[in-house]
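This report refers to the structure that appears directly beneath it.
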There are 2 protein chains.
Amino acid sequence: MFDVLRGRRIVEGSAFVAAPLCVMTLAQLGADVIRFDPIGGGLDARRWPVTKDGKSLYWPGLNKGKRSLAVDTSRPEGREIAAPGDEADIFVTNFPAAGGWMSYDELKKRRQDLIMVNLIGNPDGTSAVDYTVNCAVGFPLVTGESRDAAATPVNHVLPAWDLSAGVSLALSVVAAERHRRLRGEGQLVTVSLADIAFATVGHLGYIQEAQLNPEERKACGNYPYGAYGCDFETRDGRRIYIVAITGRMWSELGKATRLAETFAGIETALGLDFRHEGDRFEASEAISAPLAEWCAERTLEQIELAFKGTGACWGPYRSFKQMVQEDPRCSTANPLFTGLEQPGIGRYLVPGSPLSFGASTRAPPVRAPLLGEHTNEILGRDLGMSDAEISRLRDDGIVAGPVETV
Amino acid sequence: MFDVLRGRRIVEGSAFVAAPLCVMTLAQLGADVIRFDPIGGGLDARRWPVTKDGKSLYWPGLNKGKRSLAVDTSRPEGREIAAPGDEADIFVTNFPAAGGWMSYDELKKRRQDLIMVNLIGNPDGTSAVDYTVNCAVGFPLVTGESRDAAATPVNHVLPAWDLSAGVSLALSVVAAERHRRLRGEGQLVTVSLADIAFATVGHLGYIQEAQLNPEERKACGNYPYGAYGCDFETRDGRRIYIVAITGRMWSELGKATRLAETFAGIETALGLDFRHEGDRFEASEAISAPLAEWCAERTLEQIELAFKGTGACWGPYRSFKQMVQEDPRCSTANPLFTGLEQPGIGRYLVPGSPLSFGASTRAPPVRAPLLGEHTNEILGRDLGMSDAEISRLRDDGIVAGPVETV
């Protein structure tokens, strides 16, 4: 938690990864967030991973530090409560908003300078999710073992496009707020998940390579295209990755392993110039052979010792469990993490914002709410309703909470 | 190009993906960017992919719309020219800045309210790159075919952590600028690439699952953990991905394929409730069998027709070449893209910002500069130097450009 966005109130109507991540990112920078969900929970209330009791670990992960309003927006009175307006003058959603009560034109009637950020799937408004976007942009056919590009695709597990979209949405909120502050004007920002992916492959040169070069890019296993990197097995059966992107990483690797002369021999034999990343890539297999031997003769601990204090760039592969058991970066030794109790689930590590603002003090992250935990507070304090009114809304089934979802 | 950040000038000293992407993202939102590089090009001037002439397609991809200053910062006079100050009051770098001339304390002497955003590798300042971060956070051991988690890792090809870091850096620039506008105070924002990854796996529930649940998460091929999705071969030898995240996607899939009754039979037989994502995941193989048959009987074109206008969520796998040949989203039919001539390379598709700001008009993206293309302009117009002074600096080898790097 930092306080750089203190004083901004954001309404969120969302589900899944990108939009909730956007608003949680802003909450962790100090924004006051109201997320509304249907009574009983939204589309993502039960998402996996889950505990052995079936409680979602996903939902509290992406909704930290938000206030939760449980409200039935299928009824006009519920919409009136959920909709942005007054001080809650920023709205973020990944719901299909065009045409309905959540459309910008409708919501703008409540607040003329409203900022609304709407994540859509495809640019034409049809649905797309991370998986259907990723298969369109080439990566699954070049992931994994070297093979014919037409062979079985290997999907990425990380929802990278959702993540990139989530942070991009957050950027667009703050940029639109800047515009409003300077020019007094709200706006609708539309972001297509597919466009996030297509723009990125365009920024990284994949589109241009496909247009200009005759050959199709092929899978090259764990070698990073155009640079040197490889995975190795250690004497004690662990796996590590060694990479040399910069000239310094390369020379330090030679020094730390005492293989500099061997590498120079390979360089001469192949007629390449290992000062250049691309030349090191072309010699990937030749470079990896002596390194594989070097690693196979050493335990992970010995390798760690050999690389410590050098400029060589490497790291061990870790499973998710090894990550939490072994890596001090994934522990409260890292100021990023705090141990928190999540009601109904238990105590676990919770990350705050990875952005460290020097002019603010890092406060611990705030846990996720129970569904509807802040319903009363939002109706009473934010919307100025009387206790009697709130009771009536509860009796009528317009609002509810707090409840533990399963 | 949008103009939401018009009037802001940013200095960039960087290389590789995250920091250049951050600043290019801001340039495409209207910021005026000066990227300085060594005479002859920086660490990433020749990065792959390259054309058959060895020209980098990567560098112009990540430096669109920036002004380029070629300057020798190993000499004090060069540093004086490159350093931020006056109107250029935001500095973004991924270079090791602490202690040297690029440290915040040093640069602050030139402009008291400077904003500096510094990307570092590990939180302790040691080096880390996308590959060594990704192997630490579990994904390579659960990517690809179902297998023992200790088996050979499969790296992701997309530098997802660099991408997420790049957009996060951009967010931190705009958030810090907001803070300065409201409170008159600059600051140093520090972001660790490793923290970006650890925060994300924490947000997505992986850390908490590893802490609370006894079993290690296993690779499950192209099935998305906790939801239904699968890849299929078509009659004409293409591959597609079908996914059902929401209840609507699931029911529309049943309708469009006329397999709803078959699915209901599976549901009953397995004692599951397919209204829940997790239950559909548990039945992944059973659901996939009739779908595989359905796909194998149809060409890609027939499948497209069957799904068109329905709420089913699917997409074809495409190689990078198929992407530019087949997908209208990756063409000038999509307002995201413009055909541009990049000097020394040729004409190709160039994406603008995927964020569509309703209050601004989308202008075409601006091509990348040649190295040092704006050296004269920056020295003369921005820094107010005379032609004689500029000539002297060129003669002394302090500045140069424009040149085509190879």
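The values are calculated or read from the model by the stated rules, or taken from the named source; none is laboratory data. Note that the coordinates shown come from a computational prediction; the quantities given were computed from them, not determined experimentally. Here Cβ is always computed from backbone atoms with ideal geometry, including for glycine, and neighbour counts include all displayed protein chains. Side chains included, ligands, DNA and RNA excluded: accessible areas come from the protein's heavy atoms. Shrake-Rupley method; radii C 1.70, N 1.55, O 1.52, S 1.80 Å.
Suppose we compare each residue of segment A:34-48 in its chain alone and in the full protein complex with a 1.4 Å probe; which ones drop by at least 20 Å² of accessible area?
Residues shielded by partner chains are A:L43, A:R46, A:R47, A:W48.
Non-local amide H neighbours of B:Y228 (under 5 Å, H modeled in plane, Pro and chain starts lacking H): which ones?
Those lying under 5 Å, H to H, from B:Y228 are B:A244, B:F281.
Indicate the residues belonging to segment A:185-199 that lose 10 Å² or more of solvent-accessible heavy-atom surface (probe 1.4 Å) upon moving from the chain alone to the assembly of all protein chains, ignoring ligands and nucleic acids.
A:E185, A:Q187, A:L188, A:V189, A:T190, A:V191, A:D195, A:I196, A:F198, A:A199
Applying 1/(1 + (r/R0)^6) with R0 = 60 Å to the Cβ-Cβ distance of B:K109 and A:E77, what FRET efficiency is obtained, to the nearest 0.05?
0.50
In nm to one decimal, list the spacings between the A:G346 label point and its equivalents in the other copies, with label points set 7 Å along Cα to Cβ, shortest first.
5.8
Let me spell out the model: positive unit charges on the Cβ of Lys and Arg, negative unit charges on the Cβ of Asp and Glu, origin at the Cα centre of segment A:257-406. What dipole size does that give, in debye rounded to 20?
I would put it at about 420 debye.
Compute the convex hull volume of the Cα atoms of segment B:87-193, divide it by the residue count, and report the result per residue in Å³ as a whole number.
Enclosed volume per residue, from the Cα hull, is 112 Å³.
Given a Förster distance of 41 angstrom, what is the FRET efficiency for B:E145 paired with B:R347, based on the Cβ-Cβ distance and rounded to 0.05?
Efficiency, rounded to the nearest 0.05: 0.50.
If DNA, RNA and ligands are ignored and the probe is 1.4 Å, what is the ranking of B:R362, A:R46, A:R258, A:R275 by accessible area, most exposed first?
Sorted descending by solvent-accessible area, the residues read A:R258, A:R275, A:R46, B:R362.
What is the Cα radius of gyration of segment B:262-373 over 2.2 N^0.38 Å, N being its residue count?
1.66
Past the 19 angstrom mark, what percentage of all C-alpha to C-alpha distances in segment A:1-59 do you count?
The proportion of pairs with Cα distances above 19 Å equals 38 percent.
In sequence order, what are the phi-derived ³J(HN,Hα) couplings for segment A:231-246 according to the Karplus relation 6.51 cos²θ - 1.76 cosθ + 1.60 with θ = phi - 60°, rounded to whole Hz, with x for glycine and proline?
Rounded to whole hertz, the list is 9, 9, 9, 8, 4, 8, x, 8, 10, 10, 10, 10, 9, 9, 7, 9.
What ranking of A:K64, A:K52 comes out by heavy-atom accessible area, probe 1.4 Å, highest first?
Ranked list, largest accessible area first: A:K52, A:K64.
What are the nm distances, shortest first, from B:E404 to its equivalents in the other copies, labels at 7 Å along Cα→Cβ?
Label-point distances to the other copies, shortest first: 6.8 nm.
Once you place label points 7 Å from the Cα toward the Cβ at B:A260 and B:D236, how far apart are they in nm?
Roughly 2.9 nm, to one decimal.
Would you be so kind as to identify which of B:A292, B:L349, B:A45 lies farthest towards the positive end of the dipole of chain B, taking Lys and Arg as +1 and Asp and Glu as -1 on Cβ and the Cα centre as origin?
Of the candidates, B:L349 comes out farthest on the positive side.
If the chain between B:D387 and B:A292 were fully stretched, how many nm would it gain, using 0.36 nm times the residue separation less the Cα-Cα distance?
27.1 nm
What residue among B:Q211, B:Q342, B:Q112 shows peak mean-square fluctuation when chain B is described by a Gaussian network model with Cα springs under 10 Å?
Looking only at B:Q211, B:Q342, B:Q112, the biggest GNM fluctuation is shown by B:Q211.
Could you size up the charge dipole of segment B:270-339 around its Cα centre, putting +1 on the beta carbon of Lys and Arg and -1 on that of Asp and Glu, and report it in debye to the nearest 20?
About 380 debye.
I'd like the Kirkwood hydrodynamic radius of segment A:16-153, using the inverse of the mean 1/r over distinct C-alpha pairs, in Å.
By the Kirkwood definition, the hydrodynamic radius is 17.4 Å.
Quick one: with all protein chains in place, what share of the accessible area of segment B:1-139 is carbon or sulfur, to the nearest percent (1.4 Å probe)?
That share works out to 50 percent.
If you wrap a convex hull around the Cα atoms of chain B, how much volume per residue is inside, in Å³?
With only Cα atoms used, chain B gives 183 Å³ per residue.
Relative contact order (percent) for segment B:296-376, with alpha-carbon contacts under 8 angstrom and 6 or more residues of separation?
Answer for segment B:296-376 is 17 percent.
Percent antiparallel among DSSP beta bridges with both residues in the protein assembly as shown, to the nearest 5?
Within the protein assembly as shown, antiparallel bridges account for around 50 percent of the total.
What do you get for Rg/Rh over the protein assembly as shown if you use C-alpha atoms and the Kirkwood form of Rh?
My calculation puts Rg/Rh at 0.96.
Buried accessible area between B and A (1.4 Å probe, both chains summed, ligands and nucleic acids excluded), in Å² to the nearest 100?
Using a 1.4 Å probe, the pair buries roughly 12600 Å².
Return the distance in nm (one decimal) between the two label points of a simple spin-label model at A:E215 and B:R248, each offset 7 Å from Cα along Cα→Cβ.
4.6 nm
About the Cα centre of the protein assembly as shown, how large is the charge dipole given +1 on each Lys and Arg Cβ and -1 on each Asp and Glu Cβ? Please answer in debye to the nearest 20.
With Lys and Arg at +1 and Asp and Glu at -1, about 1140 debye.
Å³ per residue of the Cα convex hull, for segment A:120-249?
Output value, Cα hull per residue: 190 Å³.
Relative contact order, percent, of chain B when contacts are C-alpha pairs under 8 Å separated by at least 6 residues?
20 percent
Summing -39500 (n - 2.57) over the DSSP H runs of n ≥ 4 in chain B and dividing by its residue number, what mean residue ellipticity at 222 nm do you reach, to the nearest 500 deg cm²/dmol?
-10000 deg cm²/dmol
Once amide H atoms are built 1.01 Å from N in the peptide plane, which residues 5 or more positions from B:G121, or in another chain, come under 5 Å H to H?
B:A128, B:L193
Could you tell me which residue out of B:A210, A:A27, B:W314 lies farthest along the dipole of the protein assembly as shown toward its positive end? Charges go on the beta carbon: Lys and Arg +1, Asp and Glu -1, centred on the Cα centre.
The listed residue farthest towards the positive side: A:A27.
Pull up the DSSP beta bridges for chain A and report the antiparallel fraction as a percent, rounded to 5.
So the antiparallel bridges amount to about 50 percent of the total.
What distance in nm separates the two pseudo spin-label positions at B:L270 and A:E304, each 7 Å out from Cα along the beta-carbon direction?
4.1 nm
Whose amide H sits under 5 Å from the amide H of A:T338, counting only residues 5 or more places off or on another chain, with H placed in the peptide plane?
Residues meeting the criterion, in which the H sits 1.01 Å from N, are A:V350, A:G352.
Could you tell me, in Å, what Rg and Dmax come out for the Cα atoms of segment B:78-122?
10.0, 31
Using a 7 Å offset from Cα along the direction of the beta-carbon, what are the separations from A:E77 to the same position in each other copy, nm, ascending?
When each copy's label point is compared with this one, the spacings are 7.8 nm.
In whole percent, what relative contact order does segment A:258-406 give with Cα contacts below 8 Å and a gap of six or more residues?
12 percent
Please check: in the Gaussian network model of chain A (C-alpha springs, under 10 Å), which one of A:R392, A:R35, A:R183 has the largest mean-square fluctuation.
A:R183
Kindly report the accessible area of segment A:146-232 per residue (heavy atoms of protein chains, probe 1.4 Å, no ligands, DNA or RNA), in Å².
That works out to 25 Å² for each residue.
Counting DSSP beta bridges with both partners in segment B:61-212, what percentage is antiparallel, nearest 5?
Once the DSSP bridges in segment B:61-212 are tallied, antiparallel ones form about 10 percent.
Just going by the charge dipole of the protein assembly as shown, with Lys and Arg at +1 and Asp and Glu at -1 on Cβ, which of A:T268, B:I115, A:L340 is farthest out on the positive end?
Looking along the dipole axis, the top candidate is B:I115.
Using a 1.4 Å probe and ignoring any ligands, DNA or RNA, find the accessible area of B:Y104 and quote it in Å² to the nearest 10.
Counting only protein heavy atoms, the figure is 30 Å².
With every protein chain present, what accessible area does B:W314 have (1.4 Å probe, heavy atoms only), rounded to the nearest 10 Å²?
Rounded to the nearest 10, the figure is 50 Å².
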